[in-house]
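This report concerns only the one structure given below.
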Amino acid sequence: MNTNIKHIFEQNIQLLGDADKSVYYFRQQQYNKALGIVTNSLDKIEAVVEAIITDREYFHTLPTDHVLDMLSGLLEAKKNKDYILFADILELQLISFLYRVQELILRKENISFNEDRYRENVHILLERGIGFSERLMMSIDARSLLDSGYRIESTSCGLMTLAAENENATFYFHTNNRVQLEAFLLAEHWVQRTKQRYILYGYGMGYHIKELLRLAPKAEIEVFEGDINILQLACAFTDLQEFAGEERLRIFFDPDFKALKKRITSLTAKEAFIIHYPSLMNIREAKIRSLLEEHIPWSKMLETC
């Protein structure tokens, strides 16, 4: 992947996440939040569009005739304070166009395991982590993991999702579509104004953790994970740069769940225990799953569905 295409691809991932959040806030008439995101995105949108139009040979199968009109429409709607129309253009035109760009790049490029990126991510995780060693983390065999029931897939936006097997069932940790929107909605559901600390079971690929850090900017977050393979795959196929230097975050590798069991027995009124449900499904020990399900009010309803 050449430098220009890589820049477009990575910039689009951020733009898609920001656009989805903007539309969400526009629909709720939280215009201050929506416009705060949009203000930081318009220049980036224009730059990406110009880069795509310039590199016509690479993107020749992608219709771009309407793109400049789309940008003009966004600016006009913003000028007129027509936030209904602005959100419509974002959702129905811009987001749709950027997804087509990402899908075209994914068809043409091979996005695979990068050992240098893996090692950088491991060092970041070790800085934030408790309970696992550098030797253990550095010993990844990505191919054997993918052959043993774990599966990594590209999503529509360009980020990676993860699937695993447990008790003869395969399940996904994150959506195959709008990954950042899913993580944002989940984190927003978890956030409570009265809580100063969140104890979370389930690392997954880390997307929900990044959103929780953004939506609870003053809270501390403790993440517990019992499957070292998940942490290794996250280091191999995601970018942990946002976790670098994030002192509010601690990640615990807890394969026997002793630390987690002790932690959830000492929760205070200022703390919340939350569970990433796909990560719960990945727990191999039925007793531990049952223990954690007691903290999910709706879990018993699933048994009757």
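The values are calculated or read from the model by the stated rules, or taken from the named source; none is laboratory data. Since we're looking at a predicted model, the values are computed, not measured. Every residue, glycine among them, receives a Cβ derived from its backbone with ideal geometry; neighbour counts consider all protein chains shown. Ligands, DNA and RNA are stripped out before the accessible areas are found, and what is left, the full protein with its side chains, is counted by its heavy atoms. Shrake-Rupley method; radii C 1.70, N 1.55, O 1.52, S 1.80 Å.
Listed by first and then second residue, the pairs linking a residue in the stretch 37-50 that is under 14 Å from residue 95 (Cβ atoms) and modelled with pLDDT under 85 to a residue that is part of a helix (DSSP H, G or I) and open to solvent by 80 Å² or more (accessible area, probe 1.4 Å), with Cβ atoms under 8 Å apart and 6 or more places separating them unless they lie on different chains, are 49/68. Can you confirm whether residue 196 is open to solvent by 10 Å² or more (accessible area, probe 1.4 Å), more than 18 Å from the chain's Cα centre (by Cα) and touching a residue at least 24 places away in the same chain (Cβ under 8 Å)? Judged against the criteria, residue 196 is a match. Of all residues in the stretch 248-268, those that are among the small types (Gly, Ala, Ser) and open to solvent by 60 Å² or more (accessible area, probe 1.4 Å) total 1. Considering only the stretch 73-86, I want to know if a residue exists there that is in contact with a His (Cβ under 9 Å, 6 or more places away or on another chain) and either of a type in the set (S, T, N, Q) or open to solvent by less than 80 Å² (accessible area, probe 1.4 Å) (or both). No, the stretch 73-86 contains no residue that is in contact with a His (Cβ under 9 Å, 6 or more places away or on another chain) and either of a type in the set (S, T, N, Q) or open to solvent by less than 80 Å² (accessible area, probe 1.4 Å) (or both).
Conditions (1) in contact with an Asp or Glu (Cβ under 6 Å, 6 or more places away or on another chain); (2) touching a residue at least 60 places away in the same chain (Cβ under 8 Å); (3) surrounded by fewer than 23 Cβ atoms within 10 Å (Cβ to Cβ); (4) among the small types (Gly, Ala, Ser), marked per residue:
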{"site": "204", "(1), (2), (3), (4)": "no, yes, no, yes"}
{"site": "207", "(1), (2), (3), (4)": "no, no, no, no"}
{"site": "219", "(1), (2), (3), (4)": "no, no, yes, yes"}
{"site": "223", "(1), (2), (3), (4)": "no, no, no, no"}
{"site": "229", "(1), (2), (3), (4)": "no, yes, yes, no"}
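Rundown of residues vs (1) acidic (Asp, Glu); (2) more than 20 Å from the chain's Cα centre (by Cα); (3) on the phi > 0 side of the Ramachandran plot, yes/no style:
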{"site": "22", "(1), (2), (3)": "no, no, no"}
{"site": "28", "(1), (2), (3)": "no, yes, no"}
{"site": "38", "(1), (2), (3)": "no, no, no"}
{"site": "54", "(1), (2), (3)": "no, yes, no"}
{"site": "69", "(1), (2), (3)": "yes, yes, no"}
{"site": "75", "(1), (2), (3)": "no, yes, no"}
{"site": "81", "(1), (2), (3)": "no, yes, yes"}
{"site": "84", "(1), (2), (3)": "no, yes, no"}
{"site": "96", "(1), (2), (3)": "no, no, no"}
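Listed conditions (1) farther than 20 Å from residue 223 by Cα; (2) touching a Ser or Thr at 6+ places or on another chain (Cβ under 8 Å) are all met by residue 96, apart from (2). Number of residues in the stretch 95-141 that are closer than 27 Å to residue 71 by Cα and either not in a helix (DSSP H, G or I) or not aromatic (Phe, Trp, Tyr) (or both): the value is 12.
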